[in-house]
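The values are calculated or read from the model by the stated rules, or taken from the named source; none is laboratory data. Given the structure is predicted, the values throughout are model-derived calculations rather than measurements. In this analysis, Cβ positions are derived from the backbone assuming ideal geometry, glycine residues included, and neighbour counts consider all displayed protein chains.
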Ligand SMILES: Nc1nc2c(ncn2[C@@H]2O[C@H](COP(=O)(O)OP(=O)(O)O)[C@@H](O)[C@H]2O)c(=O)[nH]1
Ligand SMILES: Nc1ncnc2c1ncn2[C@@H]1O[C@H](COP(=O)(O)OP(=O)(O)O)[C@@H](O)[C@H]1O
């Protein structure tokens, strides 16, 4: 569950409630990117950070999953044990957290704060239970859903990526159906982009991210 405001942890540097720095004119509204695993979130986010290195900042999540080849601790994720993850839950250190497959993932208060302090637009790449929790906070985010052209194409891309074992691929495909179903909830996302042609998706993705959402 998302932390409540009733018992702020003493180590938290934020003064009290709200849990997260409110978005003001000086701190742009965060962007929550969600969509099935394999939809192309990382691909488009990499393009965004390469194109605008000073404008956007990634909210580096905690996860209990093992690093993949090429993933860097502290950059792609903060890779932790279940015990360390649970400790941060107990300390009320997460804005949101959820289980995905057999692993835990969460956005820490500190992760969002680190980006806000630089005056950059914070980008969160999270699954749907996290989206629901963020919606209950005062983060005032904008929500973008990245949709695969079809579940069949998603499966091909997940297999083609070659990062996951068969069991993890099947879990991701089952979860994809739920993510797509949830995305049909009226008003839940500000924009849905179908990632069919990558160049077209990139243009739409970029346009959403650089617009201020006002
Ligand atoms: N709720 C939540 N989901 C996250 C977080 N970080 C990553 N995820 C989601 O966890 C799912 C699995 O991520 P990952 O293991 O990196 O696999 P990939 O998305 O297939 O590359 C994806 O849907 C991510 O968006 C987080 O901090 N909170
Ligand atoms: N439009 C596209 N057409 C074909 N392949 C794509 C497209 N977008 C992404 N991919 C490929 O699909 C795989 C999954 O993309 P990825 O960005 O890792 O997804 P996610 O971060 O959402 O899990 C990667 O191998 C990526 O290169």
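What to note about this one:
- Of all residues in the stretch 36-52, those being more than 6 Å from ligand 2 (Cβ to nearest atom), in a helix (DSSP H, G or I) and under 15 Å from the mean Cα position of the chain (by Cα) number 5.
- Residue 86 fulfils the conditions (1) modelled with pLDDT of 95 or more; (2) more than 16 Å from ligand 2 (Cβ to nearest atom); (3) not in a helix (DSSP H, G or I) except for a single criterion, (3).
- Any chance residue 116 is more than 14 Å from the chain's Cα centre (by Cα), within 11 Å of ligand 1 (Cβ to nearest atom), part of a helix (DSSP H, G or I) and at negative phi: no
- When 161, 157 are screened for being over 19 Å from residue 33 (Cα atoms), within 11 Å of ligand 2 (Cβ to nearest atom) and either over 18 Å from the mean Cα position of the chain (by Cα) or buried (at least 20 other Cβ atoms within 10 Å of the Cβ) (or both), only 161 passes.
- Residue check, residue 111 more than 10 Å from ligand 1 (Cβ to nearest atom), assigned to a helix (DSSP H, G or I) and either at pLDDT 95 or above or touching a strand residue (DSSP E or B) at 6+ places or on another chain (Cβ under 7 Å) (or both): no
- Only one entry in 154, 144 is assigned to a strand (DSSP E or B) and at pLDDT 95 or above, namely 144.
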